[in-house]
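Notes to accompany the following structure.
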Amino acid sequence: MKKKKMSSETELSRRKTKKEGLGWIEWIRGWICIFHEFLFQRLMASHLPNPLPLPPLNHLTCIVTGSTSGIGSQTARQLAEAGAHVVMAVRNIKAAHELIHQWQNEWSGQGLPLNIEAMELDLLSLDSVVKFSNSWNARLSPLHLLINNAGIFAMGEEQKFSKDGYEHHLQVNHLAPSLLSLLLVPSLIRGFPSRIVNVNSVMHYVGFVDPDDMNVVSGRRKFTSFVGYTSSKLAQVMFSNILLKRLPLETRISVVCLSPGIVLTNVARDLPRYVQFLYALIPYFIFSPQEGCRSSLFSATDPQIPEHCEKLKTGDKTICPFIAQECKHTKPSEEAHNVETANIVWEKTIELIGLPLDALERLIEGEEVQCRYGTHQE
Ligand SMILES: NC(=O)c1ccc[n+]([C@@H]2O[C@H](COP(=O)([O-])OP(=O)(O)OC[C@H]3O[C@@H](n4cnc5c(N)ncnc54)[C@H](OP(=O)(O)O)[C@@H]3O)[C@@H](O)[C@H]2O)c1
């Protein structure tokens, strides 16, 4: 009883001392990072070949979410051409099969047929995430690489909620990939050493997460798609920091976040037509999807990343590697280093995705974990 009273007092004092938003210096620094990336990404990445050469990857099984367009489709294709077994985790199965057919045709005569398949996954439905994970785990196959690539930035659109009750950016960019990563831990352990690669964004530098209002419905902050996008990307970095720290060394699972750069993809599909036109007029500044997938491929294959993750796990800081668009390690935002908030974001995320708080530890032990989602019969 006394303990309960104390914890509610701590909770009350946390709420009183709680940060309400980014400080203006952090805000300005964040925007400098974004403009710097926009203006100089090509210069900074000028040392990188395009496409990024990959070693033979015949020993790898990879899941790439959102691989029907943009960065994800290039990532999936190049991993498959390097010999990996690639699973395209997509909501549009027909589009994935058409791409597979096209890639097989274009690849024919250059080696063995590509080892690539498609599985259905709709991140706007947590039931679908559980269903996908269950059918993947049921194969009892090792998983070496999970690339959480799928994402949305519904620019200028009004606030929308999924059938699970969560704001769209929050669900697609943060909650659903977090649930997927946790539920696939048993397969990732089987594939050790393995990696979780999160396609994040330079925009997280101007993001702010209010863990008491992740859905942005309290009225304390006005919702815009910009707020939805930037805070979902920051939440992903914070969650990844804690995930890496909590995964014991023996699991040999690395966790990495990355920025692909500013890339000409369908992410701009919701922009007004004239902005899309301007967007396409500045090809010097903007990467093609092939250029934009280099930091994903680097994060997926660089042999030094596991060692780096091990050092971070055992060090004082609670942070996971963040790879910049030029395939170099960089620091995530100052707010991403806020360990207190990151821990609360971790707990809130686990609650929102319907898992028990000790789900990760139990999954590592090989126990069955019940999720609130995925129990509905079709
Ligand atoms: N482009 C940039 O400048 C940029 C910059 C920074 C970060 N990023 C990040 O890069 C990642 C890839 O984006 P992109 O630029 O390649 O955009 P894109 O061309 O729009 O690709 C996004 C992919 O995500 C999939 N997706 C969207 N909602 C989904 C859902 N509910 N369930 C399953 N899949 C879903 C899309 O599937 P459908 O084809 O079925 O819609 C598509 O395959 C995102 O995480 C994005 O935030 C992009």
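Based on the alpha-carbon gyration tensor of region 325-378, what equivalent-ellipsoid semi-axes (square roots of 5 times the eigenvalues) come out, in whole Å, largest first? List each step's numbers first, then the result.
Working: eigenvalues 177, 44, 36 Å².
So the equivalent ellipsoid measures 30, 15, 13 Å along its semi-axes.
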In whole Å, how far is the Cα centre of region 300-378 from that of region 169-187?
10 Å
First measure r as the distance between the Cβ atoms of GLN290 and GLU120, then evaluate 1/(1 + (r/R0)^6) with R0 = 30 Å and state the FRET efficiency to the nearest 0.05.
0.70
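Work out, step by step, the length gained on full extension between GLU367 and GLU334: first 0.36 nm times the residue separation, then minus their alpha carbon distance; give nm to one decimal. Mind dumping the intermediate values first?
On the way: separation 33, 0.36 × 33 = 11.88 nm, distance 3.63 nm.
Full-extension gain reported as 8.3 nm.
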Could you please state, rounded to a whole Å, how far the C-alpha centre of region 17-65 is from the C-alpha centre of region 108-160?
22 Å
Using only helices, what value at 222 nm comes out for the chain when you add -39,500 (n - 2.57) per DSSP H run of length 4 or more and divide by the total residues, to the nearest 500 deg cm²/dmol?
-13000 deg cm²/dmol
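Estimate the FRET efficiency between LYS311 and ASP213 by the formula 1/(1 + (r/R0)^6), using the beta-carbon distance for r and 45 Å for R0, to the nearest 0.05. The partial results should precede the final answer.
Numbers: r = 35 Å, r/R0 = 0.77.
After rounding to 0.05, the efficiency reads 0.80.
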Going through the cross-link list LYS18/LYS313; LYS222/LYS331; LYS19/LYS348, which pairs have a Cα-Cα distance over 20 Å in this structure?
LYS18/LYS313; LYS222/LYS331
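Suppose we take every Cα in region 57-207 and form the convex hull; what volume per residue is that in Å³?
On the way: hull volume 18.2 nm³, N = 151.
Spelled out: Cα convex hull of region 57-207, divided by residues, is 120 Å³.
If you take every DSSP beta bridge whose two residues both sit in the chain, what share of them, in percent to the nearest 5, is antiparallel? It would help to have the intermediate numbers written out before the result.
On the way: 3 of 29 bridges.
Of the beta bridges lying entirely in the chain, close to 10 percent run antiparallel.
Which percent of the Cα-Cα distances in the chain go past 30 Å?
Working: 25489 of 71253 pairs.
When all Cα pairs of the chain are counted, 36 percent exceed 30 Å.
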In the Gaussian network model of the chain, springs joining C-alpha atoms below 10 Å, which of PRO289, PRO306, PRO55 carries the largest mean-square fluctuation?
PRO55
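Explain nothing, just the number: relative contact order of region 24-364, from Cα pairs under 8 Å at least 6 residues apart, as a whole percent.
Numbers: 641 pairs, mean separation 70.4, N = 341.
After rounding, I find 21 percent.
Dividing the Cα radius of gyration by the Kirkwood radius, what Rg/Rh value follows for region 95-152? It would help to have the intermediate numbers written out before the result.
Values: Rg = 14.2 Å, Rh = 13.7 Å.
For region 95-152, the value is 1.03.
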Would you look at the GNM of the chain, springs on alpha carbons closer than 10 Å, and say which of CYS309, CYS320, CYS33 moves the most?
CYS33
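None of the figures in this text is laboratory data; all of them are computed from the coordinates on show. Values in this document were obtained by computation on a predicted structure and should not be read as measured data. Here Cβ is always computed from backbone atoms with ideal geometry, including for glycine, and neighbour counts include all displayed protein chains.
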